[in-house]
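S.K.: The structure that follows is given in the form of structure tokens.
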Amino acid sequence: MIQNEMSRRRLLGLGVGLGAAATLTLAGCGGGSSTKGSTAAGNGGKEYTGPKVDLKLWNGFTGGDGDIFKKLVEQFNSEHQNIAISVITYEWQDYYSKLPGAVSSGNGPDIAVMHMDQLATFAARGVITELDDVAKTLQLSEGDFAPTVWKGGLYHDKRYGIPLDMHPLGFYYNKAVMQKAGLDPNKPPATKDEYTAALTELKKSGVQGFWVSPFQFTGGMTFYSLLHQWGGTLFDGEVAKATFNSDPAVEACTWLVDMIKQGFSPANVGQDADYLALKSGKNAFNWNGIWQINDLKKSAGLEWGVAPLPQIGSQKAAWANSHNFTIVKQRSADNNKVSGAKVFINWLSEHSLDWAKGGQIPARKEVREGAEFKALPEISALAPELEYAAFPPASPGLGEVMVTFYNAFNEAALGKKSPKQALDDGVAKANKQLEDNRKKYGS
């Protein structure tokens, strides 16, 4: 794969961690006092009958999903003569860095696509506006979505995001490599015992079947999933203290490190080498994001499958993130633009089946349960993970803390520290960061 595309894919799900540089410049953004269009012809997203409005929409969809997104916007524009959406696309990392300054200077977008775990930070700094009226008018409720995704759009019991999708970690397997080792290529391991047994058979055939990456993409996300599978959490209920050095967390981390020690994985796996090894037949299993499905479909001759993550711990869990639509506060609010933006958000949410083809699980329940979505076999195979997806809590400034979490795993995976020591050291640093966040953002 071209390196630029690999970099984009690594950033696709990376809501947490990307906004760290932006948080320092967020104060004072948005919230002007003057208002235009105070008698806007809108009703919370059902329709807009006012004068034509031109809206800017920022997003980070730079790959094939971006093409699908732009086509959907073009369709919306053709169906709404009084609303014109122009799409501005950045790499996610640049996007989150540019947004605060653009809003502060009055040059920000009207609509912004935002990862779920960024909502709290941007809401706390007044960059995005509340959307409770949209949910109420459109009669949207938790029952229309998966509870985890719906609740992720809340901050201080107010809604700031309307969920569009969910993108989880999935379990990819190379059927040809499995078959050569005497394994059933159509029955991927689903439990800890099955997983260990499969790796043992692969090792006998000369294959290190599960390459453990020390990097966030994808080893850190795998550890994130396993920590929750073992019943652990990253933070306490108030997000005041880090807890990713608990006994369950250490056990999950140790299991992954043991994969290396027992020879099921090579040591010092390079960035993306685990995924490239799956494609080239050098390993059998890879825990990676749903966004890899469309890339694998382009790999001629590759026999592969995808399934929900195996349950290694005591319960099912999977790392996941979600794209949400937000409306950006302006220095001079224009109620007509806000009304038009709400219509667009509702429209695209209703058309999330088309968006699913870009490699996303629709947030709307009725779309997920429809025959057309189920006819997308690879993507719909990961839909069950929505019910037990592990999302980060809604806490502002969490990006830097999550980087500390992933760095702690990196030290353990590279053998620089024992799992216990690496996680203890990470928690000590994370607690200081959480304390700084309380001072910066308030409780």
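The values are calculated or read from the model by the stated rules, or taken from the named source; none is laboratory data. In this text the structure is predicted, and so the values were computed from the model without any measurement. So basically every Cβ, Gly included, is an ideal-geometry build from the backbone, and we count neighbours across all protein chains shown.
S.K.: L348 versus (1) of a type in the set (A, V, I, L, M); (2) surrounded by 20 or more Cβ atoms within 10 Å (Cβ to Cβ); (3) in contact with a Pro (Cβ under 9 Å, 6 or more places away or on another chain): which is the lone unmet condition?
M.R.: All conditions pass for L348, except number (3).
S.K.: (1) under 25 Å from D193 (Cβ atoms); (2) buried (at least 22 other Cβ atoms within 10 Å of the Cβ): which one isn't true of W355, the others all being true?
M.R.: The single condition W355 does not satisfy is (1).
S.K.: Exactly one of (1) modelled with pLDDT of 95 or more; (2) of a type outside the set (V, I, T); (3) surrounded by fewer than 23 Cβ atoms within 10 Å (Cβ to Cβ); (4) out of contact with any strand residue (DSSP E or B) (no Cβ under 7 Å at 6 or more places or on another chain) is unmet by P188. Its number?
M.R.: (4)
S.K.: Of the conditions (1) in the same structural domain as E303 (by TED's automatic domain parsing); (2) surrounded by fewer than 24 Cβ atoms within 10 Å (Cβ to Cβ), D144 satisfies every one except a single condition; which number is it?
M.R.: Checking D144 against (1) in the same structural domain as E303 (by TED's automatic domain parsing); (2) surrounded by fewer than 24 Cβ atoms within 10 Å (Cβ to Cβ), the one that fails is (1).
S.K.: Right, something else. Taking into account only those residues within region 87-118 that are more than 21 Å from S349 (Cβ to Cβ) and of a type in the set (S, T, N, Q), which is farthest from the chain's Cα centre (by Cα)?
M.R.: S105
S.K.: Okay, moving on. I'm trying to understand the selection: among the residues of region 400-418, which are surrounded by 24 or more Cβ atoms within 10 Å (Cβ to Cβ) and more than 10 Å from G220 (Cβ to Cβ)?
M.R.: V401, A412
S.K.: If N283 meets every condition in (1) assigned to a loop (DSSP other than H, G, I, E, B); (2) surrounded by fewer than 24 Cβ atoms within 10 Å (Cβ to Cβ) apart from one, which number is that one?
M.R.: Of everything listed in (1) assigned to a loop (DSSP other than H, G, I, E, B); (2) surrounded by fewer than 24 Cβ atoms within 10 Å (Cβ to Cβ), N283 misses just condition (2).
S.K.: Okay, next question. Looking at I327, I290, can you tell me which residue is surrounded by 21 or more Cβ atoms within 10 Å (Cβ to Cβ) and over 21 Å from F217 (Cβ atoms)? Let's see the steps before the verdict.
M.R.: Working: I290 fails: over 21 Å from F217 (Cβ atoms).
Of I327, I290, the one residue that is surrounded by 21 or more Cβ atoms within 10 Å (Cβ to Cβ) and over 21 Å from F217 (Cβ atoms) is I327.
S.K.: Just for strands (runs of 3 or more DSSP E) wholly inside region 1-118: which have at least 3 residues that are at pLDDT 90 or above?
M.R.: Details: elements: 34-36, 53-59, 83-89, 111-115.
Output list reads 53-59, 83-89, 111-115.
S.K.: I want to confirm something. Restricting to region 419-443 and keeping residues that are of a type in the set (S, T, N, Q) and part of a helix (DSSP H, G or I), which single residue is surrounded by the most Cβ atoms within 10 Å (Cβ to Cβ)?
M.R.: N437
S.K.: Here are some residues: F391, F409. Which one is among the aromatic types (F, W, Y) and either in the same structural domain as Q229 (by TED's automatic domain parsing) or in contact with a Pro (Cβ under 7 Å, 6 or more places away or on another chain) (or both)?
M.R.: Working: F391 fails: either in the same structural domain as Q229 (by TED's automatic domain parsing) or in contact with a Pro (Cβ under 7 Å, 6 or more places away or on another chain) (or both).
Unique residue meeting the criteria: F409.
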